[in-house]
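What follows is a single structure, written as structure tokens, with notes after it.
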Amino acid sequence: MIPEQVERRARWVLDSIGATELGFGDDVPYRAEAWEAIDRGERPSRHDLAEAFFHLARVEERGGRRDEHGRFLAAWSCLDPMHPPLERLRMNLGLPAPRYDGARFAVALTHDVDSVRRWTRIGIRGAAARLKDDVLRGRVREAAREATGLALAPVHRLRGTDPNWRFDRIVTEARRRGASGSTFFVLGGHADPHDGSAPEMYDRLRPALVETLVDADAEVALHGSYRAADEASLLAEEKRRLESLGARPDGQRFHYLRIDPHRNLRAVADVGLAYDSSLAFPDAIGFRAGIARPFRPWDFEQERPLDLVEIPLAVMDVTLAERRYLGLSPRAAWRQLEWLLDQAAEHGTAFAILWHPDRFDPPTSGGWDRLFYRVIDAVRARGGACMSAKDLAAHAVSIDRP
């Protein structure tokens with residue numbers, strides 16, 4: 001006899017990979033000792049379905065280590081995020097790859113709007129400090145980009161422009177290359193220094209930011225602030241603030257990716273949001289839950305999936321570029337992205353990528369803006385579709401299978 005709890009957990013895993021017609025215990029075997037290992041917080045061995053639950057429900061993160069921002073890192077995980085085990089299980093079960101409006105795979109184009117202006121007083125001091133550090137450490141290319149940016153700052157001031165305010169152009173160029181939509185996660189408030197150094201300016205420009213994005217036909221979603229990851233009431237307040245400006249946020253992403261699947265995802269559902277797209281490792285690209293497609297996260301307290309779609313965030317520009325993480329050049333990053341897209345085309349996966357808007361200023365981007373557009377072109381060339389996170393979340397609940 002299969003315990004009811006195990007039956008529910010196994011059914012959730014099978015449904016998450018599209019195996020809705022397969023029976024647990026009949027088509028897929030049951031091994032009691034593998035599921036008992038999960039109750040002890042251990043990774044099961046020699047049982048693909050139980051191991052899939054271990055990864056998809058993020059069992060290893062229950063009471064696990066956290067960095068200074070409360071994040072679980074890839075360096076501590078037993079998971080290889082570039083080889084998601086649930087996709088291997090799906091293939092072993094002979095399940096067909098899903099389709100997304102006829103496309104072979106789907107990528108949500110997303111942008112976190114952490115800063116609306118680069119050339120504030122603090123921004124200029126920060127750029128000058130980085131320039132000095134780059135010069136002292138012999139980082140010639142980085143120093144040249146910082147110097148170029150500082151040299152152009154007076155020009156922007158005279159024109160009333162700013163290199164961070166390129167939102168409509170990002171949307172227009174993505175659409176020109178065949179994307180059907182883009183998502184911008186907008187901060188609803190600043191309650192902590194980690195949210196940015198110019199909160200008054202962000203507050204002042206937030207109405208214009210939302211209007212610009214709405215006029216460009218981009219999706220405006222909520223970027224839950226640093227403290228909102230710990231305070232559900234603050235998340236609700238920030239959502240209402242965006243709504244008061246005419247936005248209709250369907251989803252959100254926590255600032256700094258401060259997601260804990262066992263602590264703060266239920267709050268996202270409780271405030272009336274349909275999806276989240278925070279689940280990623282800050283220090284690695286790939287799939288933190290071992291699945292390369294949207295799914296409904298598991299709630300251990302209620303022993304059922306949440307009424308919320310989680311869109312895996314597979315790639316973040318910061319992870320690729322920053323020295324504290326992978327520290328790659330755009331050329332080196334492309335090799336990893338190309339492999340990821342080849343796998344997506346082969347297996348019919350769906351996920352989000354994140355490029356911050358401050359990496360789209362051609363004179364100072366160092367090629368990261370071109371890499372983003374190269375990804376869009378590569379998705380299209382492989383028969384994939386680029387869309388908003390909202391549209392991808394909608395596909396997750398009604399996938400058109402061949």
inquiry  = Can you confirm whether R65 is part of a loop (DSSP other than H, G, I, E, B), in contact (Cβ under 8 Å) with a residue 24 or more places away in the chain and at negative phi?
reply    = no
The one condition R304 fails out of (1) surrounded by fewer than 19 Cβ atoms within 10 Å (Cβ to Cβ); (2) of a type outside the set (A, V, I, L, M); (3) more than 23 Å from D276 (Cβ to Cβ) is (3)
Checking D361, D299 in turn, the sole residue that is surrounded by fewer than 22 Cβ atoms within 10 Å (Cβ to Cβ) and on the phi < 0 side of the Ramachandran plot turns out to be D299
In the range 324-355, anything under 29 Å from M91 (Cα atoms), outside any helix (DSSP H, G or I) and of a type in the set (S, T, N, Q) is listed as T349
Kindly check whether there is at least one residue in the range 301-323 that is farther than 25 Å from L222 by Cα, in a strand (DSSP E or B) and modelled with pLDDT of 95 or more.
yes
Filtering the range 53-66 for residues that are modelled with pLDDT of 95 or more and farther than 16 Å from F300 by Cβ leaves a count of 1
Sole miss for G149 among (1) assigned to a helix (DSSP H, G or I); (2) of a type outside the set (D, E); (3) assigned by TED's automatic domain parsing to the domain that holds H223; (4) in contact with a helix residue (DSSP H, G or I) (Cβ under 9 Å, 6 or more places away or on another chain) is condition (3)
The residue that is farthest from I259 (Cα to Cα), considering only those in the range 51-62 that are in contact (Cβ under 8 Å) with a residue 40 or more places away in the chain and not aromatic (F, W, Y), is A52
Quick count over the range 233-248, residues being out of contact with any helix residue (DSSP H, G or I) (no Cβ under 8 Å at 6 or more places or on another chain) and part of a loop (DSSP other than H, G, I, E, B), is 1
Only one of (1) closer than 30 Å to R11 by Cα; (2) among the aliphatic types (A, V, I, L, M); (3) outside any strand (DSSP E or B) does not apply to A129, and that is (1)
Of those in the range 144-192 that are among the polar types (S, T, N, Q) and at pLDDT 90 or above, the residue nearest to the chain's Cα centre (by Cα) is T183
Subset of the range 251-269, residues among the charged types (D, E, K, R), in contact (Cβ under 8 Å) with a residue 12 or more places away in the chain and surrounded by fewer than 21 Cβ atoms within 10 Å (Cβ to Cβ), comes to D260, R266
In the range 249-279, anything among the charged types (D, E, K, R) and not in a loop (DSSP other than H, G, I, E, B) is listed as R253, R266, D270, D276
In the range 179-232, anything out of contact with any helix residue (DSSP H, G or I) (no Cβ under 7 Å at 6 or more places or on another chain), aromatic (F, W, Y) and farther than 23 Å from R121 by Cα is listed as F185
Checked T349, T364 against criteria (of a type in the set (S, T, N, Q), under 26 Å from A218 (Cβ atoms) and at pLDDT below 95); the one match is T364
By residue number, the members of the range 68-85 that are in contact (Cβ under 8 Å) with a residue 40 or more places away in the chain and within 23 Å of A229 (Cα to Cα) are H69, G70, R71, F72, L73, A74, A75, S77
In the range 1-21, anything among the hydrophobic types (A, V, I, L, M, F, W, C) and buried (at least 18 other Cβ atoms within 10 Å of the Cβ) is listed as V6, A10, W12, V13, L14, I17, A19
Reported set for the range 296-323 where residues are in contact with a strand residue (DSSP E or B) (Cβ under 8 Å, 6 or more places away or on another chain) and among the acidic types (D, E) is D299, E310, D317
Flagged pairs (Cβ under 7 angstrom, 6 or more apart or on separate chains; first in the range 89-106, modelled with pLDDT under 90 and crowded, with 18+ Cβ neighbours inside 10 Å; second of a type in the set (A, V, I, L, M) and assigned to a loop (DSSP other than H, G, I, E, B)) are P98/I399
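The values are calculated or read from the model by the stated rules, or taken from the named source; none is laboratory data. These numbers come from a predicted model, not from an experiment. A quick note on method: Cβ atoms are made from the backbone with ideal geometry, for glycine too, and the neighbour counts reach across all protein chains shown.
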